[in-house]
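Okay, so here's the structure we're looking at.
Every read-out reported here was derived from the displayed coordinates using simple, explicitly stated rules and does not represent laboratory data. These numbers were taken from a predicted model, which means no experiment stands behind them. We place every Cβ from the backbone using ideal geometry, glycine too, and count neighbours over all the protein chains shown.
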Amino acid sequence: MSQDFAHPDVVLCPHGPMLVRGATSIQDADGTVHAVERPVVALCRCEKSSRLPWCDGTHKLIPR
Ligand code: FES
């Protein structure tokens, strides 16, 4: 069964990253395009990751 990834699925994790399923590339706020090589990637929303634009789990250390 083939899947149409023309419109990636997006899930916002409360107090965490944005999960994107089915993207082939991600463009960050600076306009840099990052290739996506995984079925699902986690994009940082807290801007504290050391691997921007990817989530590295640092959001878990931020007090709410
Ligand atoms: S959302 Fe996970 S490090 Fe920013």
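Laid out as a table, the results:
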| item | result |
| --- | --- |
| With 10 Å bins from 0: P(r) over the chain, alpha-carbon pairs, percent | 21, 51, 23, 5, 0 |
| Extreme residue, positive dipole direction of segment 9-59, given options Val11, Leu52, Val36 (C-beta unit charges) | Val11 |
| Length-normalised contact order for segment 9-59 - Cα pairs under 8 Å, 6+ apart - percent | 30 percent |
| Peptides ranked, highest mean first, by Cβ atoms within 10 Å: ranges 20-33, 38-51 | 38-51, 20-33 |
| Estimated dipole of the chain in Debye, rounded to 20 [Cβ of Lys and Arg +1, of Asp and Glu -1, Cα centre] | 340 debye |
